[in-house]
Each structure stands twice: as structure tokens, then as C-alpha cells.
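First comes the structure, then the notes that go with it.
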Amino acid sequence: MAEVVKIVLTGGPCAGKTTALKYVSSELRKLGIKTIAVEEQATKLILSGKTPKNMGNYEFHKLLFELELNEENKVINYAEKMDCDRVVIIFDRGLLDNKAFVTQDDFDRYSSINGINEDKIRNSYNAVFHLVTAANGAEEHYNLCSNPARSESVEEARKIDIETIAAWTGTPHLRVIDNSSSFEDKLKRLLIEIKAFLGVPKPLEIERKFLIEYPDISFLNDLKTCRKSHLTQAYLTTPEEGNFRIRKRGDGENAVYIKTVKIKISDIKRIEIENYISEEEYYNYMSRKECITGIISKDRYCIVYQSAYYELDVYPFWTDKATIEIELLSEDQPYVLPDFVVPIREVTFESEYRNLILAQKYRELKQYK
């Protein structure tokens, strides 16, 4: 069975998704990566004569959601049977894009009818790449001609763009590709991000970490492009697998489970190999207490700010400070911190602020014995 990697290209109207889908899938195939491109379903539906106007907004998006879900399942089943190690599926929009066009109640209603919910959807994709609408930063190129199913004004396109980013905020790997360059370079930046995610040429993780003053939690909760999730992660050393980390993200039936192996190259750069595991596998690992070297829990706030994606962690043992991280493409890539955090200092190179050391220092392991 082939490993299936699900990637979503999303964004506001006239962001370049259709062109990007063709460009990226073509470039990945040139690299020998088995790739399946799945076109946007909404445009097909609208051009067939079924629209929110003549069907009603709820009925249209309910039908769209069902079509997208069926198409995803069909493509995934096909990909799993391919004779190769890995298949990359690139979707022009994913199931959560619907949230930008309906109320929360409507989305919850028709997603639950299909036996799925928002958190499960958000964590079911491996990576999401948001292309910002031309209506924000490239207004001179915004038009309705390139897609006959498009009808949004510049203002409406901007609103949908923000609503779409908000819907996907909190997904495990989210990157925003803005309009700070030509469209040709926008596509190249997207390809670089996707290749980095796929580990081409190597699955590198390059992060900078900062100690900050304890954040205004009410502000974070009110921030549209911010989403909170609870994490529990354990560090293990086993005779058969060596050192690795397991993580539970979320709570209850909405939780997802991830296993991560990291190989240090430098204080800022690591090779990272990450895979989803089952709930049963997670708890089997957790039962091996003799192999666990530390456990830590925290609340993570995933934040999109000025086209960058941040992870702000709040720990139960600190009331005066927290940490924030940003993942980069290179060690010398420029970055800024959000203006609503108060930095104390960078701790990227301070081992005492690594999660394993924090887990051991604050002895949360006893909570799980």
C-alpha cells in the first residue's frame, strides 16, 4: 500500500490556484514524485447550472461537500493501490474551504450528516498552502474573466480570503503565499514550500524559538486567524526504535496522533520524519513507561500573522512566560514576530527550553504513572 500525502491548495478568489495546481503537479512529476491533481469541484458544479442562488446556500454547499468528500475518498483509495512508495495528492480546495461561505451551524450540520467534523477534517490533510487573492496586494490583476464561475467583488474576495485562512488555521502544516512578488515568482515560492514540506531534497525542519511574556489569552481567543489545540507529547527511547516523540493533538474523538523522529544537524536545523499513527499505537507506546524519558502537555495557539505561521505554546507550569516558534525555509531567512507578543529573548540555541528538557525538568511524567 502506497503512502498517501494529501496537500490542499486553497485561497481567496483569483489567487491562482488552478494555474498553481497544474504547475506544481507538473514540476513534482519531473522530480519523479507520483502526483495526482484533483480539480476544484465548486466550479464544475456552478458551470453545470447548480448555484447557491438557485439551490439555496445551504443546499448548494451541502451538495458540494458531499461531492468533494466522495471525490477525495475515491482518489485516496486509488492512490493507496498504486505500485509505488508514496503518492502526493494535490486538491484544488479541501473540505474546510466550505466554511468561508456558510455559517458555523450550517457547516456543522451537513458535515455531521456525513459522519465527520471540523477538527477531524482540519487534521486529515498533511499540508495546506494558502494562495492570497489578487484582491489583496495585486488588485490590478484581480478580474472575473479567468473563471466564469467567479462573481465576487474585490471587497468580497478579500473577506473570503480571510475567512478561508481562518478556517484552515490550526492545521498541522499551513503556509501562506502572498502577492509580494510577480505571479511567476509566487508560483515558484509555492513550489519551494511544497518541496520543503515533502522533504526534497531532505525533510528539514528549521525553526527559531523565542521566550515571550505570558500572552493575553483573551486576545488570542478573539483573534480570527488563531486556533487553540491541546497537545500531549511523550519522548521515548526504545531498544528497537531508538529515540522518538509521540504526540496527541486535540481531545476526545477529535484527537489525532503523530510520531516524529528528529535527527539533529545543528541547533537550528534538523531532519524531521513525521507520520500519523493510530490511537491504539499511541497508547501502546504510552504504556511502555520504562521507555518514556519525559511527558509534557501544553496549549498551542496556531497563528497566521502577516502571511507567516506561528506556534505559540502556553505551559501549565508557567504563569509569567510562554514560547513562540516560527519555521523557516533557510537559516538566514528574514522574519518578524507578531506585534502583540512581548519577546524576552531568543532561545533557539538554549537547550533548557527544548520540550524534552522542559518535560524532564517539570516532572510531568508522574501524572501518567
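See the values below:
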| quantity | calculated |
| --- | --- |
| Rounded to 10°, Cα long-axis angle of helix 183-198 versus longest principal axis of the chain | 40 degrees |
| Proximal aspartates and glutamates relative to LYS186, as straight alpha-carbon distance under 17 Å, when same-chain residues fewer than 8 apart are discounted | GLU27, ASP92, GLU139, GLU140, ASP161, ASP178 |
| Top positive-direction residue, dipole computed over the chain with Cβ charges, set PHE101, PRO201, ASN179 | PRO201 |
| Long-range amide H partners of ILE212 with built H, under 5 Å | ALA322, THR323, ILE324, ILE344 |
| Net lengthening on full extension, GLU325/LYS264 (0.36 nm per residue, minus Cα-Cα) | 20.2 nm |
| Lys/Arg +1, Asp/Glu -1 at C-beta; the chain dipole; positive extreme among ILE268, SER112, CYS302 | ILE268 |
| Charge dipole (debye, nearest 20) of the chain; +1 at Cβ of Lys and Arg, -1 at Cβ of Asp and Glu | 720 debye |
| Full-extension gain in nm, ILE113 to ASP332, via 0.36 nm per residue minus C-alpha separation | 74.1 nm |
| Label point distance in nm, GLU311-LYS74, each placed 7 Å from Cα along Cα→Cβ | 3.6 nm |
| Over 19 Å (Cα to Cα) - which of LYS62/LYS159; LYS62/LYS99; LYS17/LYS195; LYS259/LYS289 fall in this group | LYS62/LYS159 |
| Sulfur and carbon atoms: percent of accessible area, segment 1-135 [1.4 Å] | 49 percent |
| Segment 189-208-segment 85-155 distance, computed between alpha-carbon centres (Å) | 23 Å |
| Charge dipole magnitude, Cβ of K and R +1, D and E -1 - segment 93-173, Cα centre, debye nearest 20 | 280 debye |
| With Cα atoms, 0 to 90° folded angle of helix 104-113 axis to the chain main axis | 90 degrees |
| Only Lys, Arg (+1) and Asp, Glu (-1) charged, at Cβ; segment 129-211 dipole about Cα centre in debye | 460 debye |
| Fraction of accessible area attributable to carbon and sulfur, segment 233-320 (%, probe 1.4 Å) | 47 percent |
| Karplus 3J(HN,Hα) series, Hz, for segment 21-34 with 6.51 cos²θ - 1.76 cosθ + 1.60 (x for Gly, Pro) | 4, 5, 5, 5, 4, 5, 5, 5, 5, 4, 8, x, 8, 5 |
| Loop sites in segment 217-323: trypsin sites (Lys or Arg not before Pro), DSSP, at most 15 other Cβ within 10 Å | LYS224, ARG288 |
| Per residue accessible area in Å² of the chain, where ligands, DNA and RNA are left out and the probe is 1.4 Å | 48 Å² |
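The values are calculated or read from the model by the stated rules, or taken from the named source; none is laboratory data. As the structure is a prediction and not an experimental result, all values here were calculated from the model. As a convention, Cβ positions derive from the backbone with ideal geometry for all residues, glycine included, and neighbour counts pool all protein chains shown. With ligands, DNA and RNA removed, areas are computed over all heavy atoms of the protein, side chains included. Shrake-Rupley method; radii C 1.70, N 1.55, O 1.52, S 1.80 Å.
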